[in-house]
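The values are calculated or read from the model by the stated rules, or taken from the named source; none is laboratory data. Everything numeric in this text was worked out from a predicted model, so none of it was measured. All Cβ positions, even for glycine, are placed from backbone atoms using ideal geometry, and neighbour counts span all protein chains on display.
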Protein chains: 2
Amino acid sequence: MMQKKATLNAQPRSDNRLNLLDAAARRFCSRSYYGKSMRDIASDVGIKAGSIYYCFESKKELLIAVQKEGIRRITSLVSTAIATANTPWDRLQAAMISNLQEILSGNDYAQVVIRELPRIDDPRRRRLIDARNKYDLIFIKPIKDLEIGSEIKCYQIRFLIMGAMNWSPMWFKSDGQSPEEIAKGFLN
Amino acid sequence: MMQKKATLNAQPRSDNRLNLLDAAARRFCSRSYYGKSMRDIASDVGIKAGSIYYCFESKKELLIAVQKEGIRRITSLVSTAIATANTPWDRLQAAMISNLQEILSGNDYAQVVIRELPRIDDPRRRRLIDARNKYDLIFIKPIKDLEIGSEIKCYQIRFLIMGAMNWSPMWFKSDGQSPEEIAKGFLN
DNA sequence: GTCTATAGGTAGATAGAC
DNA sequence: GTCTATCTACCTATAGAC
């Protein structure tokens with residue numbers, strides 16, 4: 001699908017696939033998947049709509065790619081953060097901080113996973129949901145290790161924490177509390 | 001805009017304005033404001049797209065009406081629930097239970113407020129946001145009355161609780177925990 | 001790798017009949 | 001109140017030039 005070498009008469013733009021993903025994430029986030037056109041996304045990276053189809057075979061493919069990348073990024077960041085902490089409490093806090101950092105970073109990938117995944121209708125959605133569920137499970141172990149209640153209780157706590165985090169973009173102000181402060185505030 | 005009497009040759013449908021609001025709420029919820037057409041909404045109530053414009057002068061007007069009604073409903077329900085409880089703790093719990101009942105009821109109005117309000121671009125959005133902020137404030141008083149921390153702490157708790165509630169439609173299963181159980185679970 | 005041109009479909013909205 | 005018919009605009013996607 002992608003060629004290794006640019007032809008001589010092509011303009012010297014570095015890999016537009018990534019630029020397109022960034023633009024799509026931004027656009028899908030601000031007005032939903034259905035609310036922004038291929039023309040909008042293309043114009044953000046300085047090309048025409050038809051050219052997107054060199055990298056992505058359809059609009060839905062573009063959405064799936066954004067979501068796949070979004071899950072990959074946040075999973076990677078949070079896993080790393082957890083690995084560097086020693087106690088269950090620190091692991092939970094580290095996971096929350098890096099999760100919030102990614103969600104509130106303004107790159108919009110995570111939000112497209114969060115907000116658009118439940119309503120896309122596509123066979124590949126199943127795999128994405130599995131990947132997101134797997135991501136959500138990262139949080140359950142540190143909570144269980146806190147040993148503060150039954151298994152049901154642990155899941156309730158996880159729903160509480162993850163819901164609050166997933167919702168935070170709605171009220172977050174970049175001149176207010178930092179992700180660290182928000183995470184610590186949630187944990188008392 | 002609306003007439004009081006139906007003409008004789010009109011079909012005997014009772015006020016379609018409400019039916020249209022219900023259908024719009026459902027559709028805007030499932031595929032976003034941009035993802036569903038006036039034709040889709042019209043067909044849900046058994047009329048043609050052009051006929052919607054007898055009740056609503058534009059698609060955006062229809063969205064605004066859904067959101068206005070959504071805020072009105074949940075404000076009314078939660079205010080009433082709070083008024084029937086006696087202690088701060090009971091008031092907070094009553095507010096959470098009725099908030100969750102409305103959000104998880106399946107009528108979709110609340111979710112259109114929650115999910116679509118941040119991204120519509122319209123002068124009237126300001127008023128809706130004010131109304132929703134006023135609604136959010138309903139929760140702050142019971143939390144403050146609990147006297148468990150500083151004002152900042154109270155707002156952190158509110159963000160935690162409201163975020164978790166607003167997010168609950170994503171994982172709620174109608175054969176699982178009830179809104180009461182979820183609210184009590186969040187409150188420990 | 002990006003362009004232009006365009007096919008083929010659907011969108012929101014309006015006008016006028018009934 | 002709802003219909004049909006229609007306008008204009010925009011959409012996704014493709015084909016072929018460069």
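Being under 25 Å from B:A183 (Cα atoms), part of a helix (DSSP H, G or I) and at pLDDT below 95 holds for only one residue in A:P118, A:P142, and it is A:P118. Screening A:S178 against (1) in contact (Cβ under 8 Å) with a residue 12 or more places away in the chain; (2) within 14 Å of chain B (Cβ to nearest Cβ); (3) not acidic (D, E) leaves a single unmet condition, (1). Looking only at region A:141-168, residues that are farther than 19 Å from A:A94 by Cα and of a type outside the set (V, I, T) come to 5 in all.
Scanning region A:7-35 for residues that are exposed (fewer than 12 other Cβ atoms within 10 Å of the Cβ) and within 15 Å of DNA strand D (Cβ to nearest atom), we see that the one that is modelled with the lowest pLDDT is A:L8. Here B:S168 does not qualify as without any contact (Cβ under 8 Å) to a residue 24 or more places away in the chain, of a type in the set (S, T, Y) and either surrounded by 14 or more Cβ atoms within 10 Å (Cβ to Cβ) or more than 9 Å from chain A (Cβ to nearest Cβ) (or both).
Among the candidates A:R124, A:R119, which residue alone is within 12 Å of chain B (Cβ to nearest Cβ), closer than 18 Å to A:E61 by Cα and surrounded by fewer than 22 Cβ atoms within 10 Å (Cβ to Cβ)? Selected residue: A:R119, the only one of A:R124, A:R119 that is within 12 Å of chain B (Cβ to nearest Cβ), closer than 18 Å to A:E61 by Cα and surrounded by fewer than 22 Cβ atoms within 10 Å (Cβ to Cβ).
What about B:R126, is it part of a helix (DSSP H, G or I) and free of Cβ contacts under 8 Å to residues at least 24 places away in the same chain? Considered against the rule, which asks whether it is part of a helix (DSSP H, G or I) and free of Cβ contacts under 8 Å to residues at least 24 places away in the same chain, B:R126 comes out as yes. On inspection, A:S30 does not qualify as part of a helix (DSSP H, G or I), over 25 Å from A:R115 (Cα atoms) and touching a helix residue (DSSP H, G or I) at 6+ places or on another chain (Cβ under 7 Å). From the list B:I161, B:I97, B:I103, the lone residue that is within 21 Å of B:R31 (Cβ to Cβ) and in contact (Cβ under 8 Å) with a residue 24 or more places away in the chain is B:I103. Residues in region A:44-82 that are within 13 Å of DNA strand D (Cβ to nearest atom) and in contact with a Phe, Trp or Tyr (Cβ under 6 Å, 6 or more places away or on another chain): A:L62, A:L63.
Among the residues of region B:36-95, how many are assigned to a helix (DSSP H, G or I) and under 30 Å from A:K36 (Cβ atoms)? The qualifying residues number 27.
Scanning region A:129-155 for residues that are within 14 Å of chain B (Cβ to nearest Cβ) and either β-branched (V, I, T) or under 28 Å from B:R31 (Cα atoms) (or both) yields A:I129, A:R132, A:N133, A:Y135, A:D136, A:L137, A:I140, A:I143, A:I148, A:I152. Scanning region A:65-79 turns up at least one residue that is more than 30 Å from A:I143 (Cα to Cα) and surrounded by 16 or more Cβ atoms within 10 Å (Cβ to Cβ).
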